[in-house]
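**Student:** Sharing a structure below in structure tokens format, with a few things to ask.
Please treat every number below as a calculation from the coordinates, not as lab data. Only a predicted model underlies this, so the values are computations on that prediction, with no experimental measurement involved. Reconstructed Cβ throughout: ideal geometry from the backbone, glycine too, with neighbour counts over all protein chains shown.
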Amino acid sequence: MSQALSDSPTFFIEGQKFTAPPCAQGLHIVATPIGNLADITLRALQLLASADIIMCEDTRITSRLLQRYQISTPLKPYHDHNGDRVRPKVIEAIQAGKSIVLVSDAGTPLVSDPGFKLVSKMREMDLPVHMAPGPSAPIMALALSGFPSDTFQFVGFLPPKSGARKKVLQSLNVYHGVSLVFESPKRIQSCLADMVEEMPLAQLSISRELTKRYEEVLRGTAQELLDQIKQRDGIKGEITIAIFPPRGKEYQPDDSVVVEALTQAAKTMSAAKAAHEVAQNYGLKKRDLYNQAITIKAELKK
């Protein structure tokens, strides 16, 4: 065996040794398992083994994955609290030719985690960014829900306070598709109680502990699920809720909820894109909203 080959990074699967190919310069966004460590991809293992550094939210969590596959790449923390300080160092290392892997504690990075600021800065500086896709709790929850998956949105965690949460739920209840949200076991009952008030007819799917030993999917209205969870004295684990509102209501371009949605979209989008987005969400035609979006953008500029 040549010296170069013997020095190559390695990883192990079920006791079998594998050699990882070299990792290209740049930032590599790598999805990791959301529970079951066997859900890692071969490409992810290769990148984890061959990168110069792995940036992660919690080194204790990521180290368990590396120990499972006998990977010795150095770990360094990257999270909300140190991001401003660490980002320039990561960029400097990549400019010097290093390969750096970015992972989250579980699932696909940048989905409800702090990595997007680093990727955004990398894009601004035209530095190489690569992606190794894999597990994602929201997508898995959508697939398991049985709801139509042609139109959906990911909302992240709902606000912890009831008043703010109800406002978000009101907007989700008029969305023409499935909304995916995260919730904690401590707040699931109060969240469902708010859903009983704001979206009593919506169909819900609660997925918890996905890919783990106690994986479970519950379906029903907010009231039905609230009653069931109360009888069980609560539920534990990581929770993703899929919300599928009734599609019975037909909206018109001048409805207040449509105008508000168009106004919010126009703040960050072109008139054409805002009209397209809102038309899709409310079952309307883009041409019926385009002129309205232009007028709203003009008002916003004043």
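**Student:** Which semi-axes, in whole Å and largest first, does the equivalent ellipsoid of the stretch 256-301 have when worked out from the alpha carbon gyration tensor as the square roots of 5 times its eigenvalues?
**Tutor:** Each semi-axis is the square root of five times an eigenvalue, giving 15, 10, 9 Å.
**Student:** For the chain, set up a GNM with springs between Cα atoms under 10 Å and report which of Ser205, Ser270, Ser136 has the largest fluctuation.
**Tutor:** For the chain, modelled as a Gaussian network with Cα springs under 10 Å, the answer is Ser270.
**Student:** What is the distance in Å between the Cα centres of the stretch 71-88 and the stretch 99-132?
**Tutor:** Using only Cα atoms, the two centres lie 12 Å from each other.
**Student:** Now a separate question. Which lysines have a Cα lying under 27 Å from the Cα of Lys286, excluding residues fewer than 8 positions away in the same chain?
**Tutor:** Cα-Cα hits under 27 Å: Lys167, Lys249, Lys267, Lys273, Lys297, Lys301, Lys302.
**Student:** Restricting to bridges with both residues inside the stretch 134-232, how much of the DSSP beta-bridge set is antiparallel, in percent to the nearest 5?
**Tutor:** Restricted to the stretch 134-232, the bridges split so that about 50 percent are antiparallel.
**Student:** Could you work out [θ]222 nm for the chain from helices alone, using -39500 (n - 2.57) per DSSP H run of at least four and dividing by all its residues? Round to the nearest 500 deg cm²/dmol. Intermediate values should be presented prior to the final figure.
**Tutor:** Values: 12 runs with 125 residues, N = 302.
My calculation for the chain gives -12500 deg cm²/dmol from helical runs alone.
**Student:** When the expected Rg is taken as 2.2 N^0.38 Å, what fraction or multiple of it is the alpha-carbon Rg of the chain?
**Tutor:** So the Cα radius of gyration is 1.17 times the expected 2.2 N^0.38 Å.
**Student:** By counting other Cβ atoms within 10 Å of each Cβ, how are Ile13, Ile91, Ile241 ranked from fewest to most?
**Tutor:** In order of increasing Cβ crowding within 10 Å: Ile13, Ile91, Ile241.
**Student:** I'd like the antiparallel share, as a percent to the nearest 5, of DSSP beta bridges with both residues in the chain. List each step's numbers first, then the result.
**Tutor:** Numbers: 21 of 40 bridges.
Restricted to the chain, the bridges split so that about 50 percent are antiparallel.
**Student:** If you take every residue apart from Arg208 with its C-beta less than 12 Å away from the C-beta of Arg208, what net charge results, scoring Lys and Arg +1 and Asp and Glu -1?
**Tutor:** Cβ neighbours under 12 Å give a net charge of -1.
**Student:** Another question, then. Identify the residues of the stretch 36-67 with backbone N under 17 Å of a label point that sits 7 angstrom from the Cα of Lys212 along the Cα-to-Cβ direction, or state none.
**Tutor:** 36-40, 58, 60-65
**Student:** If contacts are Cα pairs under 8 angstrom and at least 6 residues apart, what is the relative contact order of the chain in percent?
**Tutor:** Once divided by the residue count of the chain, the mean separation gives 15 percent.
**Student:** Looking at the stretch 1-154, how many pairs of lysines come closer than 15 Å at the Cα, when each pair is eight or more places apart or spans two chains?
**Tutor:** Lysine pairs satisfying the spacing and distance rule in the stretch 1-154 number 5.
**Student:** Where the Cα atoms of the stretch 3-135 are projected onto their three principal axes, how long is each span, largest first, in whole Å?
**Tutor:** 41, 35, 22
**Student:** With a sphere of radius 9 Å drawn around the Cβ of Pro185, what net charge do the other residues whose Cβ falls strictly inside it have (Lys, Arg +1; Asp, Glu -1)? Numbers along the way, then the final one.
**Tutor:** On the way: positive: Lys186, Arg187, Arg208, Lys236; negative: Glu183, Glu238.
Local net charge: +2.
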